[in-house]
Amino acid sequence: MHSNNSPDSHATLDDLCESAIRRGLAGVCFTEHVDFDPSDSAYGYINYEEYLSDIDGCRGKYGDRLDIRAGVEVTYQTEFADDIRRFLDTHRFDYVLGSVHLIDHIFIGSPAYFMGKSESEACEPYWRETMAMLRSGLFTRIGHLDYIRTRWPREYGRPGLGRWRRPMTDILQLAIESGAIIEVNTSAIRRQLGGPYPDWETLELYRELGGARVIMGSDAHNALSVGQYFPEVAARLEKMGLTVCSECEALC
Ligand SMILES: [Zn+2]
């Protein structure tokens, strides 16, 4: 989840920790945005020292009730892969999530991304970049795999595996072979997209291909969304035979 250490959230770390305690969560992990593309609002935004010192402050206040982890969500872009590697080599975090948000410097969660593009012109670069992210070896935790659904144009038809089974199969196989764990992100339910990122069908395919573990994220940007839909999503994942890992279990 994102606090005001990310450009797209106004929530303080305190707001989010207090919400997590009210909801009975045992722990939280912040995944503040880190971007290397100067066109993105998260470029140069985070102040590493301040962030970690704020986290320490929260541990002092809430640490007896809440396990608080400092993480980042890094936008993967092939052209900035060297910068990302340098950054991750020189900064320590409890958790690093890799996500594709931008193609050709345009946010894929905006209608503008799809303007003037055929479906394949919109999708293929996204699948290619997702494969490149996995091949880069930079990340072992992979965020919201089918985020391209967010502002999916109605004229393309219904989004989902029916349209992208082949690229998604390649992506999931590569994730499984490389030991990367995929995130089940409940913000897509909040956006009324009919299921988490990735959608339920994709999670079934992941299981069929041999995927065993997932990590849940609410992608909360405010106190209301902290841990939203976790109980029901966790129950369904477990019914499917997928193990929901907390980060410390996932590291074991
Ligand atoms: Zn994201």
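Bear in mind these aren't lab numbers, they're just calculated from the coordinates by the rules spelled out. Owing to the predicted nature of the structure, the values given are computational and were not obtained by experimental measurement. Using ideal geometry, Cβ is built from the backbone for each residue, glycine included, and neighbour counts are taken over all protein chains shown.
Quick notes
- Sequence-distant residues sharing a close amide H with I181 (under 5 Å, placed H): R141, I142
- Residues whose amide H lies under 5 Å from that of V28, counting only those 5 or more places away or on a different chain, are D67, I68, R69; hydrogens are built 1.01 Å from N in the peptide plane.
- Of all DSSP bridge pairs formed entirely within segment 52-198, close to 25 percent run antiparallel.
- GNM flexibility winner over the chain from G217, G157, G44 (Cα, springs under 10 Å): G157
- Value of [θ]222 nm, deg cm²/dmol, for the chain, DSSP H segments ≥ 4, -39500 (n - 2.57) each, nearest 500: -12000 deg cm²/dmol
- Antiparallel beta bridges, as assigned by DSSP with both residues in the chain, represent about 10 percent of the total such bridges.
- GNM flexibility winner over the chain from N47, N185, N222 (Cα, springs under 10 Å): N47
- Placing pseudo-labels 7 Å out from each Cα toward the beta carbon at H105 and T12 gives an inter-label distance of 3.7 nm.
- Between R154, R128, R190, the Gaussian network model of the chain with springs among Cα atoms under 10 angstrom shows the greatest mean-square fluctuation at R154.
- One decimal place: the segment N47-R165 gains 38.5 nm when fully extended, by the rule 0.36 nm per residue minus the C-alpha distance.
- Label zone (D82, point 7 Å along Cα-to-C-beta; backbone nitrogen cut-off 20 Å) within segment 30-45: 35-39, 44.
- Alpha-carbon gyration tensor eigenvalues x 5, square-rooted, for segment 1-78, Å: 25, 12, 10
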